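These notes concern the structure reproduced below.
We did not get these values from a lab; they are worked out from the coordinates using the rules stated. Just so you know, these numbers come straight off a predicted model, no measurement behind them. Glycine gets a Cβ as well: all are built from the backbone with ideal geometry, and neighbour counts include every protein chain shown.
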Amino acid sequence: MKPTLFLIAFLAFQVSFSQSITGPELLNKAIKYHDPNGNWEQFNSQFIVTMETPNSSNRESNIQINIPHEYFQVKETRDTTQTTYTIDKTKCRTSIKDSVAGKRTPCEMAKRYKNYYTYLYGLPMKLKDPGTHISETVEKQSFKGKEYLVLEAKYDEAVGSDVWYFYFDPSTYAMEIYQFYKGDRNGKGKDTGEYILLTEEATIQDIKMPKNRAWYYNKDDKYLGTDKLKSN
């Protein structure tokens, strides 16, 4: 009887803990895991991300982020084509002269890349940015057979309209999945957005970053591609 009673008590503690921890507390614990020395605000490093997508050649991106100097650069290579985007404080330089991706100008694309890479590789620290609203309530959810503590984040309209969910290991607080919807996931937004599975870790400037990020549609689990990180 004693082992059974112990197990019941342990499970009750786990449930109670997940219900009592707040969103901001969970975020702080996750940041402590990923950036234990608080290095993100002084981050200055380079790394390479190779994007692998079905039925397409790989795209290799050599990325430089210097947060104190407000500097960002990405050099993309796909097949024999190389493209460079640079943001130096408020100045923009690119190797593209014409509008790309429809109506976006080259400098709009440069800003888009800066926001994209600094956000995804700066998580979960970037959830402290102004305009981000963290839910006080932490949910406990199962995803692909594993239990997670789940944090919801919404944003000011000027920042973004998607609703994001971040899945953390309940024992280590490592971030293992993130997911976004274009609206309420239980309403009109339920068939929108994507989820991203994070596997393995690469440590850059003492920050634990996801080594592999595999992207899927929420609607039908269709595989979209994988970003693979390696330090330069």
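Table for the structure above
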item	result
Cα gyration tensor shape for the stretch 65-180, rounded if a/c is under 1.5, else prolate or oblate	prolate
For the chain, the fraction of alpha-carbon pairs in successive 10 Å shells from zero, as %	7, 28, 36, 20, 6, 2, 1, 0
Charge dipole (debye, nearest 20) of the chain; +1 at Cβ of Lys and Arg, -1 at Cβ of Asp and Glu	380 debye
Computed over the stretch 44-121: relative contact order in percent, which uses C-alpha pairs under 8 Å that are six or more apart	19 percent
For 213, 93, order by how many other beta-carbon atoms lie within 10 Å, fewest first	93, 213
Dipole magnitude of the stretch 46-177, debye to nearest 20 (Cβ charges: Lys/Arg +1, Asp/Glu -1, about Cα centre)	540 debye
Calculated diffusion of the stretch 177-232, Stokes-Einstein form, Kirkwood radius summed over Cα pairs, 10 °C and 1.306 mPa s, µm²/s	128 µm²/s
Prolate/oblate/rounded call for the stretch 44-121, Cα gyration tensor, a/c under 1.5 rounded	oblate
The chain: relative contact order as a whole-number percent, Cα under 8 Å and 6+ apart	18 percent
